[in-house]
Amino acid sequence: MEQRKERRRKARPEKAPEKRVLKTLDRVLSKAGICSRTEAREWIVRGRVKVNARTVRDLEHWVDVDHDAVVIDGRPLRAEKKIYLLLYKPKGYLTTYKDPDGRPTVYDLMAKVDQWVFPVGRLDQDTSGLLILTNDTQFAEQITNPEFHVPKTYLVKASTLLSDEQLAKLRDGLELKDGMTRPAKVKRVRDSESKSFFEMTITEGRNRQVRRMVEALESQVLKLVRVAVGPVRIERLQIGHWRHLTQDEVRALRKSGMRKRESGVRAGTGDGGHGGEGHS
Ligand code: URA
């Protein structure tokens, strides 16, 4: 009888050993959504952060995410509630945190937000339109990384009249100095006597991509407004104002950012190196 029990005990699969998740301290702080990675590094160096009751100033210090107790200025680290905001950025504002030359930044418009947020991708100083800000780094990666193909739609005023053939070049994809662009969706909105207005949707996020694509047609962008990111459109949001994204909008944005396999048409469609760095 004892023997049978012993056999049964042995037959049971062994419990898998608990997996330890290790991350550097600066990463843990920024992932918690309370600060940027640069700020985290400053805090660490200044001795504001303790791990398991000991001050850690070593930027390479590894933290066991589930077991180590991290404390900042005496307060235990807790993951911040994730927030998702939508700002109608006016022309003239930078998407950086601080400008050494004192130019206005989007943070000047977000004074009432009491949590740390960062812009999801960038817009040129001269571009207006929809900018998402959040403290959710994983969400931001999904929106900005070109591998996820989240479409971004811009309203473009070109400095010249553009022919159907020229617009077709944008649709086909054209050669820029950092490689071929992916095909864009292009819809002519109207023409004035000497200028074309059109909507263009791209799924990459290279630096000044729309402007460079239009320049490749021997024209120039006079006005650029981002009117949509994925399924979220500007609609009635007033310029310079912001609002919270709804849960449905956040869900729909995540859904629109599905990782896609490249068809292999071009190795350099902007993947591998543009993620989160340029515009999005
Ligand atoms: N493309 C540009 O050229 N500029 C932006 O700000 C965004 C996309």
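Derivation of every value follows stated rules applied to the coordinates shown; laboratory data play no part. As the structure is a prediction and not an experimental result, all values here were calculated from the model. For neighbour counting, all protein chains shown are included, and Cβ atoms are generated from backbone atoms with ideal geometry for every residue, glycine included.
Provide M180, M213 in ascending order of the number of other Cβ atoms located within 10 Å of each residue's Cβ, fewest first.
M180, M213
For M110, M258, which order do you get if you count the other beta carbons within 10 Å of each Cβ and list the fewest first?
So the ranking, lowest neighbour count to highest, is M258, M110.
Along the Cα-to-Cβ line of K223, 7 Å from the Cα, sits a label point; which residues in region 186-207 have backbone N less than 17 Å from it?
Correct set: 188-200.
Could you sort the peptides 140-152, 222-234 by per-residue average Cβ neighbour count (10 Å cutoff), highest mean leading?
Taking the mean over residues of other Cβ atoms within 10 Å, the ranking is 140-152, 222-234.
Excluding residues fewer than 8 places away in the same chain, name every one of the aspartates and glutamates whose C-alpha is closer than 15 Å to that of K50.
The reachable aspartates and glutamates, counting only those whose Cα sits under 15 Å from K50, are D26, E42, D58, E60, D64, D68, D73.
Sort all Cα-Cα distances of region 20-76 into consecutive 10 angstrom bins from zero, then give the percent of pairs in each bin up to the one containing the longest distance.
All Cα pairs, binned at 10 Å, distribute as 28, 65, 8 percent.
Please compute the contact order of region 20-76 in relative form: average sequence separation of alpha-carbon pairs under 8 Å and at least six residues apart, divided by the residue count, as a percent.
39
With a cut-off of 8 Å between alpha carbons and a minimum separation of six or more residues, what is the relative contact order of region 89-197 in percent?
Normalised by residue count, the contact order of region 89-197 is 19 percent.
When the Cα atoms of the chain are enclosed in a convex hull and the volume is divided per residue, what value in Å³ results?
So the per-residue Cα hull volume is 205 Å³.
Could you work out [θ]222 nm for the chain from helices alone, using -39500 (n - 2.57) per DSSP H run of at least four and dividing by all its residues? Round to the nearest 500 deg cm²/dmol.
-6000 deg cm²/dmol
Counting pairs of alpha carbon atoms under 8 Å apart in space and at least six apart in sequence, what relative contact order in percent does the chain give?
20
Straight distance only, please: which aspartates and glutamates reach the Cα of K255 with their own Cα at less than 15 Å, same-chain residues fewer than 8 apart left out?
Leaving aside aspartates and glutamates fewer than 8 places away in the same chain, those within reach of K255 are E141, E147.
List the aspartates and glutamates whose Cα lies under 19 Å from the Cα of K169, skipping any in the same chain that are fewer than 8 positions away.
D178, D191, E199, E204, E215, E218
Could you list, in their original order, any pairs among K187/K223; K31/K82; K82/K152 whose Cα atoms are separated by more than 19 Å?
With Cα atoms farther than 19 Å apart: K82/K152.
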